[in-house]
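Quick note: the coordinates plus some simple rules give every number you see, no bench work behind them. The structure presented is a predicted model; accordingly, all values stated were derived computationally and were not measured. As a convention, Cβ positions derive from the backbone with ideal geometry for all residues, glycine included, and neighbour counts pool all protein chains shown.
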Amino acid sequence: MIRAGFFLTVAIAFSICLADIRCGDGWKIFHVFFFNLVSGGLVITCIHVGRKAGPRVILYFILTILLVFFLRFGEYLWAFSVIPGLVFITESIRWNKYPVFPVDFFRWKSSVAEKFSHAALLCLSLSHILMGAVILNNYFFHWWFLPKLNIQIFYLGYSFPVSLTIISYMIRHIPGMGRWMNFAKDGVFWMLNLGVITLFLGIITESFLLEIIVSVVLFLGVLILGTIYFLQFPGGGPKTMITSGLFFLITTASSGIAYAVVSGRPEYEPAGKYLLKLHAIYSLFGWNLSGLLVVVANRLPQNKISIIPLVVLHWVSLTLVIAGLFSYPIYMAGVVVFTIFLFWGIYKMGPETTPMSSQ
């Protein structure tokens, strides 16, 4: 179920993204919701309940699809009505495995991989709660006025749980190397989590300086994580795919910093729009998709060479799609290449398992 649902929802999200690129802003960032909330939420919930998707995961999957389409068509009361169900399901899954209050975050001896995994579920739940509050405020009661605290902010809110899940997989497979390695892993955990929370606050309060500082800190956190990963992660197919994802992530972080610099300046508006599309595509269908493919497939071919053509297809497809902003034939070539990559990536990479529940 997880593999078929993942393939279907990623394909739909990519189709919506392509429609946005070629046809304007009719769907705005709803491909972001569809990928992170539906595809990512499916993987996050499924890997925490065991090898088979139970009724909670199936219901969560259906509710997230309904939420995205209710938001897209402006049915905000209906959108709000499904959020309590999403919160209940996410929290019930979290409470089955972790303490209600995340005391494990503050324990030195707790597994850092489990901290990231717990943080992913908690962040997903908090994103649902905050989404509900924003819908009630912005469309019904108007308790506060923060122009940046709108539905679009959940581009960040629903993307972060996906990244935390991927990092949890990475950390889980990095062998412990004594006190300093554990300190470095724990440091990355706090840098990334506190960094994203601070970035969120910087965005909604429109603090340009804070956004720049935190973006740089997050970039450094990614570099530290990448260094630990390159030195310690076992070789093979998963390392090749996640390495590719990390390069997507570095590109995403760089474009995010560049966008923060040029945004709000009319003379750089065309460049800003291009950077934003590049940032979104490389983040969603580059870093996030690379990591989730490994999490979903679990068993990539261990011969490093065999996975390289898949990685090359991935980069070529997204680069062609971005270049397709200026040329329709190039855009169509990118669509074809991405379709081949997606099918190969999901269905040709080993038996379906749920790694976090089986490790």
Inset, instruction - Could you order peptides 248-254, 278-284, 54-60, 35-41 by the average number of other Cβ atoms within 10 Å of their residues, highest first? - result: 35-41, 278-284, 248-254, 54-60
Inset, instruction - Can you pull the one-decimal nm distance between simple spin-label points at Leu126 and Ile213, each 7 Å off the Cα toward Cβ? - result: 2.0
Inset, instruction - Report the far tail of the P(r) of the range 94-213, meaning the percent of Cα-Cα pairs longer than 18 Å. - result: 58
Inset, instruction - State the Cα centre-to-centre distance between the range 83-161 and the range 53-81 in whole Å. - result: 16
Legend entry - Alpha-carbon radius of gyration plus Dmax, which is the widest Cα pair, for the range 181-228 in Å: 11.4, 36
